[in-house]
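S.K.: Structure in C-alpha cells, see below.
Every read-out reported here was derived from the displayed coordinates using simple, explicitly stated rules and does not represent laboratory data. Bear in mind that the values here come from a model prediction, so they are computed numbers and not experimental data. Cβ coordinates were reconstructed from backbone atoms using ideal geometry, including for glycine residues, and neighbour counts include every protein chain displayed.
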Amino acid sequence: MNRIYLDHAATTAVRPEVLEAMLPYFTEKYGNPSSVYSLGREARRALDEARATVADLLGADEREIVFTGGGSEADNLAIKGVAFANRHKGNHIITSAVEHHAVLDTMHFLERNGFRITVLPVDSYGMVDPNQVAEALTDDTILVSIMHANNEVGTIQPIEEIGRILAEKKVYFHTDAVQTAGILPINVAELHCDLLSLSAHKFYGPKGVGALYVKRGTKIEPHIHGGAQERKRRAGTENVAGIVGLAKAFALAQGEIETSAAKLTALRDRLWDGIAARIDHVRFNGHPTQRLPNNVNVCFSFIEGEALLLNLDMHGIAASSGSACTSGSLEPSHVLVAMGVPPEIAHGSLRLTLGRENTEEEIDTVLDVLVEVVAKLRDMSPLYEETPSKPLP
Ligand SMILES: *Cc1c(COP(=O)(O)O)cnc(C)c1O
C-alpha cells in the first residue's frame, strides 16, 4: 500500500539537499562555534552564513536573527522576552483566539504572572479585524501577537494592516509565521513586524530548530541563561547542523515559491472541488480566498474526526483533525470554536495539508477513499439516519 502524506502543516520530511548540507556538521566539522581554533572557526563561518541567508530572505539584518530550538521556542522568546523586558512600560498584551498553543499558552502563563491579556475574536473565516486590534489598544499595551496564517484552517491574517497600525502607535508586534515561511513571500519591513517566528521542520528542514527575527531596538529578556551565544538572547551551544539545515531549506523553499504555490493551489482546488462534488453535508472552513495554497479544512457532519483519521490511516493516508492534536481529548478545535462552528460539527473536522511531493493521482485516490469512508461511517451513525437531509447550520 502506498502511503499518502497530507499532513504537511504538522511536519515535513527533510529534503535530501538539506540533509546533505547538514551532514558534515555532525562529523568532520563538529567544532564549537565559540572555539578559537580553526575547527571552531569553520563552524562559526557556517553559522554566520546561515544567519546571513535567513536575514537576507526576510529582508532583515544578520544581527536581527536569533536561532532557537524551534517555532514554539521562538514564540515563547518573543512574547515572554518582550513582556518581561518592557514591564515598566505596561502590562497589557493583545492576541487572537486562533493562535497556536505556543502563543496562547504563553499568554496564559503571563496572565498568571500579572499581565493583562486581551484575546480578540475572529470572524467566521477565522480572520482578525485590524480595527478591533486598534480599538483594544490602551496606554498600557506593550505587545500584540497575531499569527501570519493559521495552522488549522489556513486563513491568512491582514498582517500588513495590523502592523501599520501598531508601528504608528509604537506597540511591539510579533507574528508567528511558522505556517507561511517557505510558502508565502515574507518581508519583515512589508509586514511591519518587530518579531517574527519560523520553524525549519515546516519547510523541509530538521525538527528542533527555528528562528526569531527581532527588529533592532526591540528589547527582549532572554529566557535561557548561560553563555553569550546569539548576542546574549539565547544561551547554549548552537545547533550548527540544524541551523545550516534551516537556512538551506528556507533558501530552497523561498526560491521556489512561485512554482510551488501554483502547484499546491492546483492540487488544493482538485481536492476541494472533488469533496464538494462528491460528498454532501460538508462545510469548508477558513477563508475562501485569503488562505494558504496547501490547506483544505473540512467538516463532515454526523461523523467524528478521530474515526475518520483512523479509517484514512488504514488506507495509508496521513491527515489531521482539529480535535486530534490535543492527545485523545475530544475537545473540539479552539480555532473552529472561535470561528463559530457548532461543536458537534467541529468534531467531524479533517485537515488535509499538501506538500511538494503530492501528485494529482494521490488526490484522486484520497477522494475515492474519502467518499467510501465517509459513507461507511455515516451508515454507522444513528444521527445520519434520523436527519439525512438536514442542512448544515
Ligand atoms: C508547528 C507550529 C508551531 C510550533 O513549531 P515547533 O517547531 O513545532 O515548535 C508554532 N506555530 C505554528 C503556527 C505552527 O504551525
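S.K.: Quick check: convex hull of the Cα atoms in region 102-213, volume per residue, rounded to a whole Å³?
M.R.: Spelled out: Cα convex hull of region 102-213, divided by residues, is 110 Å³.
S.K.: Counting only DSSP beta bridges with both residues in region 153-232, tell me the antiparallel percent, nearest 5. Walk me through the intermediate numbers first.
M.R.: Details: 5 of 9 bridges.
Percentage antiparallel, nearest 5: 55.
S.K.: Along the positive direction of the dipole of the chain (beta-carbon charges: Lys, Arg +1; Asp, Glu -1; about the Cα centre), which of 95, 279, 322 reaches farthest?
M.R.: Most positive-ward Cα: 95.
S.K.: Enumerate the whole-percent occupancy of each 5 Å bin, from 0 to the last occupied one, for all C-alpha pair distances of region 80-142.
M.R.: 4, 17, 28, 25, 17, 7, 2, 0
S.K.: What nm value, rounded to one decimal, do you get for the distance between residue 207 and residue 116 when each label is placed 7 Å out toward the C-beta?
M.R.: The modelled label-to-label distance comes out at 4.1 nm.
S.K.: Pairing the Cα long axis of helix 305-314 with the longest principal axis of the chain, what angle in degrees results, from 0 to 90 and rounded to the nearest 10?
M.R.: For helix 305-314, the angle is close to 90 degrees.
S.K.: Taking the highest mean first, how do the peptides 285-295, 151-161 order by number of other beta carbon atoms within 10 angstrom per residue?
M.R.: For the peptides 285-295, 151-161, the packing ranking is 151-161, 285-295.
S.K.: Report the one residue of 236, 303, 16 whose Cα lies farthest in the direction of the positive end of the charge dipole of the chain (charges on C-beta: Lys and Arg +1, Asp and Glu -1; origin at the Cα centre).
M.R.: Ranked along the dipole, the leading option is 236.
S.K.: Tell me which trypsin sites (Lys or Arg not before Pro) from region 1-72 have a DSSP coil assignment and no more than 10 other beta carbons within 10 Å of their own.
M.R.: 3
S.K.: With N residues in region 141-275, what two-decimal value do you get for its Cα radius of gyration over 2.2 N^0.38 Å?
M.R.: For region 141-275, the normalised Cα radius of gyration is 1.17.
S.K.: Then there is this: Which percentage, to the nearest 5, of the DSSP beta bridges contained in region 43-178 is antiparallel?
M.R.: Around 10 percent antiparallel, to the nearest 5.
S.K.: I need the shape label for region 58-165. Rule: rounded when a/c is under 1.5, else prolate if a/b > b/c, else oblate, with a, b, c from the alpha carbon gyration tensor.
M.R.: rounded
S.K.: Suppose R0 equals 25 Å; then what is the FRET efficiency for residue 49 and residue 235 from their Cβ-Cβ distance, rounded to the nearest 0.05?
M.R.: Once the sixth-power term is evaluated, E becomes 0.70.
S.K.: Work out the length of the dipole vector of the chain about its Cα centre, built from +1 on the beta-carbon of each Lys and Arg and -1 on the beta-carbon of each Asp and Glu, and round it to the nearest 20 debye.
M.R.: Numbers: 37 positive and 51 negative charges, 297 e Å.
Value, rounded to 20: 1420 debye.
S.K.: While we're looking at this one, here's another question. Report the relative contact order of the chain, percent, no decimals, based on alpha-carbon pairs under 8 angstrom and at least 6 residues apart.
M.R.: Over the chain, the number comes to 21 percent.
S.K.: Please list, in order along region 126-134, the HN-Hα scalar couplings obtained from phi with the Karplus expression 6.51 cos²θ - 1.76 cosθ + 1.60 (θ = phi - 60°), rounded to whole Hz, x for Gly and Pro.
M.R.: x, 9, 8, 8, x, 4, 5, 5, 4
S.K.: Find how much the distance from residue 219 to residue 160 grows on full extension, using 0.36 nm per residue of separation minus their present alpha carbon separation; answer in nm with one decimal.
M.R.: Difference between extended and current length: 19.1 nm.
S.K.: Mind pulling the angle between the C-alpha long axis of helix 38-58 and the longest principal axis of the chain? Nearest 10 degrees, somewhere in 0 to 90.
M.R.: 50 degrees
S.K.: What trypsin sites (Lys or Arg not before Pro) in region 93-191 are in a loop by DSSP, with at most 12 other Cβ atoms within 10 Å of the Cβ?
M.R.: 170
S.K.: Test of understanding: what is the full-extension gain from residue 256 to residue 190, defined as 0.36 nm times their sequence separation minus their Cα-Cα distance?
M.R.: 21.8 nm is the gain from fully extending residue 256 to residue 190.
S.K.: Using θ = phi - 60° and the Karplus curve 6.51 cos²θ - 1.76 cosθ + 1.60, what whole-Hz ³J(HN,Hα) does each residue of region 177-185 get, with Gly and Pro shown as x?
M.R.: Running phi through 6.51 cos²θ - 1.76 cosθ + 1.60 with θ = phi - 60° gives 9, 4, 7, 9, 4, x, 10, 10, x Hz.
S.K.: For helix 71-85, report the angle its Cα long axis makes with the longest principal axis of the Cα atoms of the chain; keep it between 0 and 90° and round to the nearest 10°.
M.R.: 60 degrees
S.K.: Obtain the nm distance between the two label points defined at residue 168 and residue 313 by a simple spin-label model: each point lies 7 Å from its Cα along the Cα-to-C-beta direction.
M.R.: 5.0 nm
S.K.: Something else: Where does region 1-94 land on the Kirkwood hydrodynamic radius, alpha-carbon pairs, in angstrom?
M.R.: Result for region 1-94 stands at 16.8 Å.
S.K.: Right, next: Using only alpha-carbon positions, what ratio does the radius of gyration of the chain give when scaled by 2.2 N^0.38 Å?
M.R.: The reported ratio for this selection is 1.02.
S.K.: If you take every DSSP beta bridge fully contained in the chain, what fraction is antiparallel? Give it as a percent rounded to 5.
M.R.: Working: 21 of 40 bridges.
Counting only bridges with both partners in the chain, antiparallel ones make up about 50 percent.
S.K.: Same structure, new question: For region 259-329, which semi-axes, largest first and in whole Å, follow from the square roots of 5 times the eigenvalues of its Cα gyration tensor?
M.R.: Over the Cα atoms of region 259-329, the ellipsoid semi-axes are 22, 15, 13 Å.
S.K.: If you count, for each residue, the other Cβ atoms within 10 Å and average over each peptide, how do 188-198, 100-110 line up from highest to lowest?
M.R.: Top to bottom by mean Cβ count within 10 Å: 188-198, 100-110.
S.K.: What three numbers, in Å, describe the spread of the alpha carbons of region 146-211 along their principal axes, ordered from the longest?
M.R.: 37, 23, 17
S.K.: How much length is gained if the chain between residue 63 and residue 27 is pulled fully straight, taking 0.36 nm per residue apart and subtracting their Cα-Cα distance, in nm to one decimal?
M.R.: The span from residue 63 to residue 27 would gain 10.2 nm if fully extended.
S.K.: Using DSSP to call loops (not H, G, I, E or B), can you name the trypsin sites (Lys or Arg not before Pro) in region 212-277 whose Cβ has at most 10 other Cβ atoms within 10 angstrom?
M.R.: 216
S.K.: Follow-up question, since we're still on this one. First check a/c for region 235-379, with a ≥ b ≥ c the square roots of the eigenvalues of its C-alpha gyration tensor; if it is under 1.5, answer rounded, and if not, answer prolate when a/b is larger than b/c or oblate otherwise.
M.R.: prolate
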